[in-house]
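These notes are about the structure you will find just below.
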Amino acid sequence: RDYNSQQLMNLASQLPASKLDPNLPDINGNLVRLSSIKGKYVLVTFWTTESNDCIAENLQFKQLYSKYASRGLEIYQVSLDRDENAWKGAVKFDDLPWISTHENPEKPENAILFNVKSVPVNYLFSPKGEIVALNLHGRALQLKLEQLFPN
């Protein structure tokens, strides 16, 4: 068993380092790199307009964003919609105020790096760029943000 572990470690050490730093186009076509957001907690979310759970979650995000954006929270949302116009339309229709980007679901490099198997998925990054929480939804996300941003 130790031999297999050692082999796996050797193989892993030969792989190129992967960095969780998407650089994706927003609804205006401007590339936005995750690492460009400095000194804030960043909630990275993956979603599609085809998922009712994602749409419902966006409504919660809007409440949380209005409460915590001025205190150091940013949302970097990645759409995996096949239809870019559906994504752009939803962002405009729902008046989503955070960074909304799109990744081609045919070549979802970032979704693969973030191990996205289904949506919605989210990761909460600290201002230092470390992952502090994974897949917090609903009340659990609200409690975590209250903990990070006490009154």
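Within region 96-141, count every residue that is of a type in the set (D, E, K, R) and closer than 18 Å to G72 by Cα. Spell out how you get there, then give the answer.
The initial filter retains those residues of region 96-141 that are of a type in the set (D, E, K, R), namely 103, 106-107, 109, 117, 128, 130, 139.
From the residues that got through so far, the ones that are closer than 18 Å to G72 by Cα too are 128, 130.
Of the residues in that region, 2 qualify.
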Filter region 89-125 for residues that are part of a helix (DSSP H, G or I) and either open to solvent by 40 Å² or more (accessible area, probe 1.4 Å) or of a type in the set (V, I, T) (or both); the one that is nearest to L145 (Cα to Cα) is V91
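Going by the structure shown, is V32 in a strand (DSSP E or B), touching a helix residue (DSSP H, G or I) at 6+ places or on another chain (Cβ under 7 Å) and not basic (K, R)?
Values: in a strand (DSSP E or B): yes; touching a helix residue (DSSP H, G or I) at 6+ places or on another chain (Cβ under 7 Å): no; not basic (K, R): yes.
Criteria not met by V32.
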Residues being open to solvent by 20 Å² or more (accessible area, probe 1.4 Å), in contact (Cβ under 8 Å) with a residue 40 or more places away in the chain and part of a loop (DSSP other than H, G, I, E, B): count how many of those fall in region 126-148. 3
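Residues checked against (1) modelled with pLDDT of 95 or more; (2) out of contact with any Asp or Glu (no Cβ under 8 Å at 6 or more places or on another chain); (3) more than 20 Å from V132 (Cα to Cα); (4) outside any helix (DSSP H, G or I):
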{"position": "L8", "(1), (2), (3), (4)": "no, yes, yes, no"}
{"position": "A12", "(1), (2), (3), (4)": "no, yes, yes, no"}
{"position": "V42", "(1), (2), (3), (4)": "yes, no, no, yes"}
{"position": "N58", "(1), (2), (3), (4)": "yes, no, yes, no"}
{"position": "L64", "(1), (2), (3), (4)": "yes, yes, no, no"}
{"position": "E74", "(1), (2), (3), (4)": "yes, yes, no, yes"}
{"position": "W87", "(1), (2), (3), (4)": "yes, no, yes, no"}
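Mind listing whichever residues of region 67-88 are open to solvent by less than 10 Å² (accessible area, probe 1.4 Å) and without any contact (Cβ under 8 Å) to a residue 60 or more places away in the chain? Walk me through how you get there before you give the answer.
Initially, region 67-88 is screened for residues open to solvent by less than 10 Å² (accessible area, probe 1.4 Å), giving 68, 73, 75-79, 81, 87.
Hits for region 67-88 are I75, Y76, Q77, V78, S79, D81.
The values are calculated or read from the model by the stated rules, or taken from the named source; none is laboratory data. These numbers come from a predicted model, not from an experiment. Note that we place each Cβ from the backbone using ideal geometry, even for glycine, and neighbour counts take in every protein chain shown. Surface accessibility is based on the protein's heavy atoms, side chains included, excluding ligands, DNA and RNA. Shrake-Rupley method; radii C 1.70, N 1.55, O 1.52, S 1.80 Å.
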